[in-house]
Amino acid sequence: MTKDQRGGIRTAAVFVHKGSGLWRLDEDKRSVSYDPENGVIFQGATADESPGKDRKDWLPAEVSLFHPLQMRIWGASMDDWRIASAESKDRFARRSLVNTFDSDFTGYALVDLEFGVVVERLNGHP
């Protein structure tokens with residue numbers, strides 16, 4: 001379940017196989033998936049794009065939660081958020097985020113350290 005900046009809630013089912021790189025996002029009547037063996041992104045059953053076998057730079061927001069190290073927060077040249085602070089409690093690590101283009105916009109990512117996934121992410125709030 002994700003909530004957009006206007007407060008709207010969307011529900012989606014996500015399947016991720018980290019070992020192979022395969023993922024699928026099913027939401028309402030839409031299905032998007034990535035086949036790493038052939039390097040193809042599918043919209044439903046139709047091959048929509050063939051970005052190559054090393055495609056790791058694009059993930060739907062819902063799928064990126066399962067790949068915290070690929071989120072655009074770690075200081076790479078294309079990243080639009082940076083980590084301002086970090087704190088851990090029990091099995092969770094909270095990363096406070098600041099937008100690199102406008103420091104008035106902040107957010108956070110809550111990482112489940114046991115499973116290696118982001119369980120909550122909020123950004124874009126002044």
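The values are calculated or read from the model by the stated rules, or taken from the named source; none is laboratory data. All values derive from a computational prediction rather than experimental measurement. Quick reminder, even Gly has a Cβ in these numbers, built from the backbone with ideal geometry, and neighbours come from all protein chains shown. Side chains included, ligands, DNA and RNA excluded: accessible areas come from the protein's heavy atoms. Shrake-Rupley method; radii C 1.70, N 1.55, O 1.52, S 1.80 Å.
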Discussion item. Out of everything in the stretch 64-120 that is more than 17 Å from the chain's Cα centre (by Cα), among the hydrophobic types (A, V, I, L, M, F, W, C) and in a loop (DSSP other than H, G, I, E, B), what residue ends up being nearest to PHE15 (Cα to Cα)?
Written reply: PHE105
Worksheet entry | Residue satisfying condition, being open to solvent by 30 Å² or more (accessible area, probe 1.4 Å) and either at pLDDT below 80 or of a type in the set (Val, Ile, Thr) (or both), within set ALA47, ALA76, ALA84 | ALA47
Item to complete: Please work out if GLU37 is touching a strand residue (DSSP E or B) at 6+ places or on another chain (Cβ under 7 Å), modelled with pLDDT under 85 and either more than 23 Å from ALA109 (Cα to Cα) or surrounded by 17 or more Cβ atoms within 10 Å (Cβ to Cβ) (or both).
Response: no
Item to complete: Kindly list, by first and then second residue, each pair from a residue in the stretch 97-110 that is touching a residue at least 40 places away in the same chain (Cβ under 8 Å) to a residue that is assigned to a loop (DSSP other than H, G, I, E, B) and of a type outside the set (Ser, Thr, Tyr), limited to pairs with Cβ atoms under 8 Å and residues at least 6 apart or on different chains.
Response: ALA109/MET71; ALA109/ILE73
